[in-house]
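Novice: Structure incoming, see below.
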Amino acid sequence: MSQLLQHLNEPQLAAVTLPPQSALILAGAGSGKTRVLTTRIAWLIQTGQVSPQGVLAVTFTNKAAKEMLTRLSAMLPINTRGMWIGTFHGLCNRLLRAHHRDAMLPQTFQILDTQDQLSAIKRLLKSLNVDDEKYPPKNLQYFINGAKEQGLRAHQVEVYDDYNRRFVELFAAYDEQCQREGVCDFPELMLRCYELLSRNQPLREHYQARFKHILVDEFQDTNPLQYQWLKLLAGNHSAMFAVGDDDQSIYAFRGANVGNMAQFEREFKVQNRIKLEQNYRSFGNILNAANTLIANNSKRLGKNLWTAQGEGEPIRIYEAMQDTQEAQWLVEEIRGLIRDGFNRSDIACLYRANAQSRVLEHALFNAGIPYRVYGGLRFFERAEIKHALAYLRLMENAHDDTAFARVVNFPTRGIGARSVEQLQDLAKQHGTSLYAAVPYLTGKPGSSIGAFVKMIEAMRFETQNLPLPEIVEHIIHASGLLTHYQGEKEGQERIENLNELVNAATAFISEEGYRMDAPATLGDAEIQIASPLAAFLSHAALEAGDNQAQAGMDAVQMMTVHAAKGLEFHAVFITGMEEGLFPHENSITEEDGLQEERRLMYVAITRARTKLYLSFSQSRMLHGQTRYGLRSRFFDELPEATLKWLTPKVQRYTHSHSSSAWDELPPVVEAYRKKASHDSGWRIGQSVVHAKFGEGVIVNIEGSGTDARVQINFGRHGLKLLSLAVAKLEAV
């Protein structure tokens, strides 16, 4: 017993050895929550309070469940194979298999993953002759899953209007189709299991008597249905051991409800709340920054991380002029870390939005530094980017069969698989490409595919004299890709990636200095590239090629902050720390949204063990144009003593004015306003950029004297920034 408990600190020991009562364990980042969970199970078994079969432990990932089982096997000489330790969906699947008749399911029912579910919904819409443009399959999928995660069947969903009523009807038809085919999607596993336990009292009482101890990991991420399921299993006599951290609740968009923690305390009359605050991961400066930041959130259950490891190095902050400069700085810092003995896999680059990865990937690619995009695809491998590139490839070469087949019916335009198959047969028969075989295709298929060909030819004609970035932007709109993703409930990220493709084209032209009359060279051979578009497509293909690290290869880790939860690294870079980007512009107008963004920043900070870098840029590309921004408000919420500015930091004073209230501004700004009113494109050197005047103006005066800098935000989102070098302006 002493061997089992000897490595625990005082709060951990108190949590592990609690009496058989419900408890809430507030486990901060890096505080050893997995150790507490597994040791609690081992202690209960070893002291004879419960048998291995009397424990139910719930995790959110299979990886976490396997780790718990592995640790238990090392702690106790027992066979863990039969233990009920797994994810919510895994445990529900196990229970439904055992009681399939009571659940009204065939014994061999199949589970639909996300893609299978979407395919089933598309089949349903087709069989009912439903317009999938008016009722997009993905939107219906989100609607169905969202309702199920709230514990609702179709007849229980509140109807607001005719459009919503149709979604409810399709939800009911989808459920009937799944029942008929004997399949379950992921949310159905939870809902079906909950319904089974709700209506079958003998079965419910059996499991309540069996599982006297229920342990739940990442409790802050539970949704309403998962919490109700846990309540059913616990009944009035089981002890629920809930481990979580309300400061790391970042999945509200998936239905997670951080309020479940407070509700659990009330409903289970929890008398034992233990805080695990000693952090074994990070140094003091990192933890102090995280604590001070998250203290700005309200309604916290409250805790303060600390460490016995010392303060460590300060958090380094870098301000770049442009996003490309930010990326180059990141590359140089990574090279320095590698020279200092860091493995590349010990280094992580985090960003708020997927679209940000493109500039960073490009810099790492050019530097020859292997990288891996964790939990996602590299920029040029993302589906929406491959769709856009397929259209561009057809613009350059209409006989590209792979590109043709990829987008002939995407976005959907009523061209079925049978029509494409007929076209492929004709192309083979005549020895031509799919594009060239279209005139041989007759009837409705010929008409539909012929319209697609005419669209491609029209786009080629309309873009023949346009610069490359405008070609890309035109194709994104004219192809229907933008409209398609605007119709998706979660299409915003894909739209951001498509906009980033325009930026990629702009950056490519700038970097390559591409000229129509200058041949490109490769080694000793001179290669004439027909157009900037052809060169850009080659560039995209190369960047999508070999630089992604293979499994087991030492590589820099790249990921969104959401994907980083649960991970840790020796060195962490948090990039793009600008207003509207982090915190994201969709969140900053609502208190709850801003608090979730702050929790997201807290998660990002606490991923770092020894070194933490924060960076932001005065400007970055958006829609092929330069966007000017302010540094994130989160910098003002970090303790100055923990920070080290790698670039000079000046005091910021902010005043809000209407567009006409210029009398309070410094004379130098007034002089600029007069000049700008006559010449909207006026520039002074490299550091002065003029933005069109908007209705609202925020003026930031940084520094004083000849070192002063004036920052003026234009536009309703405050994302356009006018930066003036005062000394240069006065000289003029």
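Novice: Please give, to one decimal in nm, the separation of the simple spin-label points placed at Tyr440 and Ser198, each 7 Å out from Cα toward the Cβ.
Specialist: Calculated label separation equals 5.9 nm.
Novice: Can you compute the radius of gyration and Dmax for the range 392-500, using only the Cα atoms, both in Å?
Specialist: Here Rg and the maximum Cα pair distance are 14.8, 43 Å.
Novice: Please give the per residue accessible area of the range 224-304, computed with a probe of 1.4 Å over protein heavy atoms only, in Å².
Specialist: 39 Å²
Novice: Please report the Cα spread of the range 323-377 along all three principal axes, rounded to whole Å, starting with the longest.
Specialist: 30, 25, 18
Novice: Which residues does the label zone of Lys63 cover in the range 378-394, counting backbone N under 20 Å from a point 7 Å along Cα→Cβ?
Specialist: It comes to 378-379, nothing else.
Novice: Give the long-range amide H neighbours of Ile315: residues separated by 5 or more places, or on another chain, with amide H under 5 Å away, using H modelled in the peptide plane at 1.01 Å from N.
Specialist: Leu643, Lys644
Novice: For Asn9 and Asp554, what is the calculated FRET efficiency with R₀ set at 41 Å and r taken between the beta-carbons, to the nearest 0.05?
Specialist: Efficiency computed from Cβ-Cβ geometry: 0.75.
Novice: Then there's this: Find how much the distance from Ala383 to Asn164 grows on full extension, using 0.36 nm per residue of separation minus their present alpha carbon separation; answer in nm with one decimal.
Specialist: Working it through step by step, the gained length comes to 75.9 nm.
Novice: Taking the simple approach of a point 7 Å from Cα along Cα-to-Cβ for both Gln328 and Asp131, what is their distance in nm?
Specialist: 5.2 nm
Novice: Then there's this: Karplus couplings for the range 568-577 from phi (6.51 cos²θ - 1.76 cosθ + 1.60, θ = phi - 60°), rounded to Hz, Gly and Pro as x?
Specialist: 8, 9, 5, 10, 10, 10, 10, 9, x, 7
Novice: How large a share of the accessible area of the range 106-157, in percent, is made up of carbon and sulfur atoms when the probe is 1.4 Å and the other protein chains stay in place?
Specialist: Carbon and sulfur: 47 percent of the exposed surface of the range 106-157.
Novice: Just to verify a number: FRET efficiency for Gln492 and Lys269, C-beta to C-beta distance, R0 = 30 Å, to 0.05?
Specialist: It comes out at approximately 0.10.
Novice: Still on this structure, I have one more. Between Thr589 and His206, what is the label-point separation in nm under the 7 Å Cα-to-beta-carbon projection?
Specialist: 5.3 nm
Novice: Calculate one ³J(HN,Hα) per residue across the range 66-78 by plugging θ = phi - 60° into the Karplus curve 6.51 cos²θ - 1.76 cosθ + 1.60, and present them in order as whole Hz with x for glycine and proline.
Specialist: 5, 5, 4, 5, 5, 5, 4, 4, 6, 7, 10, x, 10
Novice: Can you give me the Kirkwood hydrodynamic radius for the range 31-144, using every pair of distinct Cα atoms, in Å to one decimal?
Specialist: Radius from the Kirkwood sum: 17.3 Å.
Novice: So what's the net charge close to Glu67: Lys and Arg +1, Asp and Glu -1, counting the other residues with Cβ under 11 Å from its Cβ?
Specialist: Taking every Cβ under 11 Å from that of Glu67, the sum is +3.
Novice: Looking at this model, which pairs from Lys275/Lys303; Lys66/Lys231; Lys33/Lys66; Lys231/Lys275 are more than 18 angstrom apart at the alpha-carbon?
Specialist: Details: Lys275/Lys303 7 Å; Lys66/Lys231 24 Å; Lys33/Lys66 15 Å; Lys231/Lys275 23 Å.
From Lys275/Lys303; Lys66/Lys231; Lys33/Lys66; Lys231/Lys275, over 18 Å: Lys66/Lys231; Lys231/Lys275.
The values are calculated or read from the model by the stated rules, or taken from the named source; none is laboratory data. As the structure is a computational prediction, the values presented were derived from the model and not from experiment. When we count neighbours, we look across all protein chains shown, and the Cβ atoms used for this are built from the backbone with ideal geometry, even at glycine. Areas reflect the complete protein model, heavy atoms only, side chains present, ligands, DNA and RNA absent. Shrake-Rupley method; radii C 1.70, N 1.55, O 1.52, S 1.80 Å.
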